[in-house]
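What follows is one structure encoded as structure tokens, with my remarks underneath.
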Amino acid sequence: MGDVDFAEFPGLGERLVSVRQGIADACRSAARDPEEVTLIVVTKFHPAALVAALAQLGVRDVGENRHQEAQAKAEELAALELDWHFIGQLQTKKARQAARYASAIHSIDRERLVDALATAEVDRPVEAFVQVNLTDDPGRGGAAPDEIERIAERVLETPALRLRGVMAVAPLPEEEPPASAFARLRDYSERLRRLDPEATAISAGMTHDYPEAVAAGATHLRIGSAITGKRPDPR
Ligand SMILES: *Cc1c(COP(=O)(O)O)cnc(C)c1O
């Protein structure tokens, strides 16, 4: 990647600074050390050039939710050595390929996906987050809470993966306030830590609910539109 044309992305740097400030404020309110919190900038549907501009602004962690798009961007920007976080539904048949570019997969929601990842050829273990569904609607993605231990045990048996923690998307605010949903996620995180004391990570918090997520102990925030601006329509 050559020079980045920031004029293509007006306001990007300002929005990044303002979200970083918002995270610092939320940490202060929660008496937490901002060093414990990783900002993942979600760049889905945006061009690779926007990711390159973010890298120039100091971003190292980026999130993508579709395999083909993520793979193409990771390949194009390989020289930047970014950490790619896969945060979307992952098809079993794409799992091995995703493990090649993704540092972390936040959407581990079934044992079959773990088994598929077990056959991936990786030179370092991929960080694995067990995604939990915080609603009663199975269509929302994520494992039912009573499946957490079974999936996590399977991850622990898999050398290609390293169990990091739990991940969730909050329900719509009219369904349940984020603070109460994130409190349940924290309980699930404690259950996971009983299996593996090192699996301390909590991936939660998006543009509209990241302060609540920080208050509930989130360690990985996945923030998109507050930084990138409005997403283009998916292609
Ligand atoms: C798109 C997406 C985000 C970021 O959403 P914003 O509201 O734009 O911050 C976070 N997590 C997941 C799983 C997503 O798909």
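The values are calculated or read from the model by the stated rules, or taken from the named source; none is laboratory data. The shown structure was predicted, so the numbers you read here are calculated from the model rather than taken from an experiment. For neighbour counting, all protein chains shown are included, and Cβ atoms are generated from backbone atoms with ideal geometry for every residue, glycine included. Accessible surface areas use protein heavy atoms only, side chains included; no ligands, DNA or RNA. Shrake-Rupley method; radii C 1.70, N 1.55, O 1.52, S 1.80 Å.
Side notes on the structure shown:
- When both segment 98-119 and segment 164-226 are represented by their alpha-carbon centers, they are found 20 Å apart.
- Near the amide H of Val126, within less than 5 Å, lie the amide hydrogens of Leu161, Arg162, all on another chain or at least 5 residues away, with H placed in the peptide plane.
- Applying 0.36 nm per residue to the separation of Glu8 and Asp25 and subtracting their alpha-carbon distance, the gain on full extension is 3.2 nm.
- Bins of 5 Å from zero: percent of alpha-carbon pairs in segment 72-178: 2, 13, 23, 23, 17, 11, 7, 4, 0
- On the chain, 48 percent of the accessible area sits on carbon and sulfur atoms, based on a 1.4 Å probe.
- Förster radius 25 Å - calculated FRET efficiency between Glu147 and Gln89 (Cβ-Cβ, nearest 0.05): 0.95
- A Förster distance of 25 Å, applied to the separation of the beta-carbon atoms of Glu111 and Glu176, puts the FRET efficiency at 0.35.
- Calculated over segment 6-228, the projected area of the Cα convex hull averaged across directions stands at 11.7 nm².
- Isotropically averaged projected area of segment 133-235, using the convex hull of Cα atoms (one quarter of hull area), nm²: 7.9 nm²
- Net length available on complete extension from Glu81 to Leu57 is 7.2 nm, with 0.36 nm assigned per residue and the Cα-Cα distance removed.
- Accessible surface, the chain, averaged per residue in Å² (probe 1.4 Å): 48 Å²
- Label zone at Glu121 (point 7 Å along Cα-to-Cβ), backbone N below 17 Å, segment 59-103: 94-102
- For the pair Asp233 and Asp136, the difference between a 0.36 nm per residue extended length and the Cα-Cα distance amounts to 32.1 nm.
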